[in-house]
Amino acid sequence: MNKITILLLTIILFSCTKKESVDTIIINGNIYTVNDNFDKAQAFAIKYGKIIDVGSTLEIQSKYAPTYINDIKGKTIVPGFIDAHCHFLGLGMQQQKVDLSGTKSFDEVVQRIVDFQKEKNTNYITGRGWDQNDWEVKEFPTKEKLDELFPNTPIAVQRVDGHALLANQAAIDLAGVTTNSKEEGGFIVKKDGKLTGIFIDGPMRLISSKIPPASINEIAQGLKDAERICFNLGLTTVDDAGLSREVVELIDSLQKSGELKMRIYAMISASDKSIDYFTNKGIIKTDRLNIRSFKVYADGALGSRGAAMKESYSDKHNHFGAMVTPLEDLERFAKKIASSDYQMNTHAIGDSAIYVMLKTYKDVLKDKKNRRWRIEHAQIIDKNDFDNFENILPSVQPTHATSDMYWAEERVGSERIKGAYAFKNLLNKYGKIALGTDFPVEKVSPLLTFYAAVARKDLNNYPENGFQMENALTREETLKGMTIWAAYSNFEEHEKGSIEIGKMADFIVLNKNIMEIEPENIPYINIIETYVGGEKVK
Ligand SMILES: [Zn+2]
């Protein structure tokens, strides 16, 4: 062999042994890794669903032999968004009901019901959102057309405010309602002595109590529908704040059969039964499901003046809101959960509920470290109570701030409002903050969360200078709150939340640089691609 051949052979051998085969390399990206130094990168390599290297395009190309090269052409990549507090199943079940909001006539209501049933073919059609005040004929509708089109399928659709319901004859028959049925706490509307199908307030129960509970198939369909919506918006993990044992078992089986790919942090709805069952079983953890927390309700919401306040509401004399779970139950739950490895995540909105929960947590946790117990929402905080967040993790929803800012001060007055939606103060106390949406109460899009946290304005650019801007988060803090800190709040910061070696390849490609474009353009960014474990899901 001559020298040149030997040299060539050496090069071939060398490059063969040198280049590791991988599934995919991502190159030429504008990548925010969200690692500890908040470093940027251009490229990374994916093998078996995990990130095995991160670096420059040149480095990654020279080291790896990929099956697939994804040239991002300068676009921005961030870790997949994690919604730290949402109702994923709730969103899914909403898709199993016909949405009648914004209808301009009863004909349109009927058309939407027909279209819905073509797609879903359910045994009982339910829905909500019609409002006769939006129609030309501003009168309550009647059931004849629905009887004609759906003689055998029961239909019960609620008015936008939930205080009136239109039922067809099939639903009325199923409920056994006649013109002689009792009208307690409301009315059954009749015309010429016949039922029109309209039920107002109390008697709505006659119909709604006979609506069959969702079947397993419907719940499974709901989960899949919610997943499609979330993947399209760049979410790769969702923390569902309140699921039953039956639903988490269904989720687990759908994930194992590959029908559901969303990663889910499932907070179990707390009761003595569920706490005993799950703490006994211990933490349940797969790549896509993590069961190690309970969701507890302390009080109500601010809008309906249900949030428990230390002093009276400013716009309702002698009204303090209320705790929705008795204190002795809260304390018993906390004690039980503290003696397991589970996390306790409590809905607390008013300053009194937050105070009580911080104290309860402190009492039962004593010197137990790193339990990461969360206060969900943490909306109105007494200025004297911020210090107690040193060991308690705040889990907040920035769009609640921009949805409530129009009337929140009326509820609590000019002093208490200073401790409201105080995300920066909370971040400064704990050192981290987990961000979420509470969808479907708010819109699903994490871009709206990002915008609300940074700009603290609504989509009409109101208020001009932002709402209580001293509590705005920087873009870096916001991105962390939606990725690595949310992962931390789930005890998952070692497996997700950043683009680093060893982490799951959960990431999204954006058409604009979310860290640099004008804030008012953030809500309109497009999520071009979404990846879960290296698999393209959008
Ligand atoms: Zn919630």
Percent antiparallel among DSSP beta bridges with both residues in the stretch 218-330, to the nearest 5?
20
Give the shape of the stretch 421-538 as rounded, prolate or oblate, defined through the alpha-carbon gyration tensor: a ≥ b ≥ c are the square roots of its eigenvalues, a/c under 1.5 means rounded, and otherwise the shape is prolate if a/b is larger than b/c and oblate if not.
oblate
Explain nothing, just the number: dipole magnitude of the chain about its Cα centre with +1 on each Lys and Arg Cβ and -1 on each Asp and Glu Cβ, in debye rounded to the nearest 20.
1340
Using Cα pairs under 8 angstrom and six or more residues apart, how large is the relative contact order of the stretch 93-164, in percent?
37
About the Cα centre, and with charges only on the beta carbon of Lys, Arg (+1) and Asp, Glu (-1), how big is the dipole of the stretch 321-425? Nearest 20 debye, please.
460
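Please report Rg over Rh for the chain, where both radii come from the alpha carbon positions and Rh follows the Kirkwood definition.
1.03
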Computed over the stretch 157-299: relative contact order in percent, which uses C-alpha pairs under 8 Å that are six or more apart:
16
Under 17 Å from the Cα of LYS182 - lysines, other chains or at least 8 residues apart
LYS190, LYS191, LYS194, LYS210
With -39,500 (n - 2.57) per DSSP H segment of 4 or more residues and division by the full residue count of the chain, the 222 nm estimate, nearest 500 deg cm²/dmol, is -9500 deg cm²/dmol
Which of the GluC sites (Glu not before Pro) across the stretch 108-153 are loop residues per DSSP, with 15 or fewer other Cβ within 10 Å?
GLU136, GLU139
Specify the longest stretch of the chain that does not include any exposed loop site, a site being one of the chymotrypsin sites (Phe, Trp or Tyr not before Pro) with a non-H, G, I, E, B DSSP assignment and at most 13 other Cβ atoms within 10 Å.
49-405
Taking Cα pairs under 8 Å and at least six residues apart, what relative contact order does the chain come out at, in percent?
16
Exposure proxy check: VAL532, VAL454, VAL34, VAL324 ranked by fewest other beta carbons within 10 Å?
VAL324, VAL454, VAL34, VAL532
Which one, GLY49, GLY186, SER244, is farthest towards the positive end of the dipole of the chain when Lys and Arg carry +1 and Asp and Glu -1 on their Cβ?
GLY49
Using DSSP to define loop residues, name the trypsin sites (Lys or Arg not before Pro) in the stretch 102-178 whose beta-carbon has at most 11 other beta-carbon atoms within 10 Å.
LYS104, LYS138
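Test of understanding: what is the full-extension gain from LYS19 to ILE216, defined as 0.36 nm times their sequence separation minus their Cα-Cα distance?
That works out to 66.1 nm of additional length.
Laboratory data are not the source of any read-out in this text; all were calculated from the coordinates shown. Source: prediction; values computed, not measured. So basically every Cβ, Gly included, is an ideal-geometry build from the backbone, and we count neighbours across all protein chains shown.
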